[in-house]
Amino acid sequence: AGNVKFDGKPPESREIVGLLETAMASARRGPVVVAASTMPGEEALLMPAWEKIRGKHSGALLILAPRHPSRFERVAQALSAENRTLVRRSALPSSGSECAAQIARCEVLLLDTIGELAGVLALADVVFVGGSLVSTGGHNLLEPAYWSKPILFGPHMENFRDVSSLFLDAGAAVQVHDAAELAEATLKLLDDAARRQRLGAAAKALLEREAGATERILEGLR
């Protein structure tokens, strides 16, 4: 019948997306890298890679979304201990000018809320799907594909083996082996808008091609 995950439609989270889009434009921030659903030990691997990216794109913004709410505070403390300029989504003002001022001076926006990541992916220039640089089995690739985003993931995709193979075979994602490769691959994508567009379009096309499992299952039940 196929995989019903391909039939999902992520929430757009228009309020936060609109707020951040306006704030980033006012603050002249970009490109945007989203690290989605990161797991324990992964942030420590990501930050050196992020340094390399910022070295070539001084206006870049990292939106970091830890997978579990219980880790929000721990990740915030770890980033602060490294003297990272950090803004927590939960502390962002709703005023456009005040939000822009905070976005202007931070290097990392910590997405410490529930239910907003799927919509925030729409703002990304590149998406790294977490849980894949550490051996926790990876996470779902389909939400960034819905927004036609170029997707990167690490070597550990055991929980999404079949889906990740589909993406690689379709030229719809890039797999890296470690954080150094992640930095290199991200930089190459940020310097190649045409390739970003091709990867994103291939991801969206794969999503549409594989959709329909829900209806096939219902028809079988009927």
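The values are calculated or read from the model by the stated rules, or taken from the named source; none is laboratory data. Note that the structure is predicted; figures quoted are calculated from it, not measured. Every residue, glycine among them, receives a Cβ derived from its backbone with ideal geometry; neighbour counts consider all protein chains shown. Areas reflect the complete protein model, heavy atoms only, side chains present, ligands, DNA and RNA absent. Shrake-Rupley method; radii C 1.70, N 1.55, O 1.52, S 1.80 Å.
General observations
- Max mean-square fluctuation residue, GNM over the chain, Cα-Cα springs under 10 Å, options E15, E82, E98: E82
- Highest-fluctuation residue, S97, S70, S135 considered, GNM on the chain with Cα pairs under 10 Å: S70
- Heavy-atom accessible area, probed at 1.4 angstrom with all protein chains present, ranks V134, V126 as V134, V126, highest first.
- Taking every alpha-carbon pair under 8 Å whose residues sit at least 6 apart, the chain reaches a relative contact order of 26 percent.
- Mean-square fluctuations from a GNM of the chain, with a 10 angstrom spring cutoff on Cα atoms, peak among I16, I63, I114 at I114.
- Principal axis box of the chain, alpha-carbon based, largest edge first, Å: 55, 37, 36
- 13 Å beta-carbon shell around F167, net charge (K/R +1, D/E -1): +1
- The chain - percent of accessible surface contributed by carbon and sulfur, probe 1.4 Å: 50
- The stretch 196-217-the stretch 52-110 distance, computed between alpha-carbon centres (Å): 31
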